[in-house]
1. Taking a ≥ b ≥ c as the square roots of the Cα gyration tensor eigenvalues, with a/c under 1.5 meaning rounded and otherwise prolate when a/b beats b/c, else oblate, which class fits the chain?
2. Note the count of lysine pairs whose C-alpha atoms are less than 29 angstrom apart in the chain, limited to pairs 8 or more residues apart or on different chains.
3. With +1 on each Lys and Arg Cβ and -1 on each Asp and Glu Cβ, how big is the dipole of the chain about its Cα centre, in debye rounded to the nearest 20?
4. Considering the options 64, 147, 48, tell which one lies farthest towards the positive end of the dipole of the chain, charges being +1 on Lys and Arg and -1 on Asp and Glu at the Cβ, about the Cα centre.
5. From the helices alone, meaning DSSP H stretches of at least four residues, give me the mean residue ellipticity at 222 nm for the chain, per-run term -39500 (n - 2.57), in deg cm²/dmol to the nearest 500.
6. Please find the FRET efficiency linking residue 43 to residue 116, where r is the Cβ-Cβ separation and R0 is fixed at 22 Å, and quote it to the nearest 0.05.
7. Which stretch or stretches of the stretch 73-103 have amide N atoms under 15 Å from the point lying 7 Å from residue 138's Cα along the Cα→Cβ direction?
8. What list of ³J(HN,Hα) couplings, whole Hz, do you get for the stretch 79-92 from phi and the Karplus terms 6.51, -1.76, 1.60, once you set θ to phi - 60° and write x for glycine and proline?
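The values are calculated or read from the model by the stated rules, or taken from the named source; none is laboratory data. Worth saying up front: this structure is predicted, and the values here are computed from it rather than measured. Because the Cβ atoms are built from the backbone with ideal geometry, glycine has one as well, and the counts that use them run over all protein chains shown. Just the protein is used for accessible areas: all its heavy atoms, side chains included, with ligands, DNA and RNA removed. Shrake-Rupley method; radii C 1.70, N 1.55, O 1.52, S 1.80 Å.
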Amino acid sequence: VIKRGGENLITASEKIEHIIEEYKRTRFPEGLSVTITGDQSDETRNTLNDLIATVILGFIFVVIVLMFFMGTTDAIFVGLSVPLSSFLAFVLIYVLGAFIPDLKFTLNTVVMFAFLLALGIVVDDAIVVIENTHRIFHEEHLSIKDAAKKAAGEVFAPVLSGTLVNIAPFFPLMF
């Protein structure tokens, strides 16, 4: 059995193991030994689990470092931006996969590495907005809500262009 490109190796491996167990009970002769060789699903599963653990640990370390430099409240706001952005990205992957099946949007190692990169981008962007909010709040003596609106408006174009530059290399991977 050879994995097709764009298909889920782990799911395919689990289905194959299930089929073999079913055939052992119903079709294969007694005493037949079936050996699976070249199974890469365990290595893929371990790599994916390590990557997920890295994302979680990275998130925790980022929040801890931000607490030292920005204070607890700002660190929590920045920290909340990461899971919210990740949730929106998962929703986008699901929607694109459901409505454009030819593009095959799936959660694979490349996507997980992109999430790891996005963790840094989201944190950088959140820091820029929060620092600009503090500057406007203290210089112009606006309410925090008005300062946040003005700060986000001021840095929208640079933050958006910086983010687009960082994600542009991943765009060809869609095709």
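1. Details: a/c = 3.84, a/b = 2.60, b/c = 1.48.
It comes out prolate by the Cα gyration axes.
2. Working: 3/15; 3/24; 3/104; 15/24; 15/104.
Number of lysine pairs found: 5.
3. Approximately 340 debye in magnitude.
4. Sorting the options by dipole projection puts first 48.
5. Rounded to the nearest 500, it is -27000 deg cm²/dmol.
6. Numbers: r = 19 Å, r/R0 = 0.87.
That pair, residue 43 with residue 116, gives E of 0.70.
7. Hits in the stretch 73-103 for residue 138 at 15 Å: 74.
8. For the stretch 79-92, the Karplus-derived couplings read x, 5, 5, 5, x, 5, 5, 5, 4, 5, 5, 5, 5, 4 Hz, x marking Gly and Pro.
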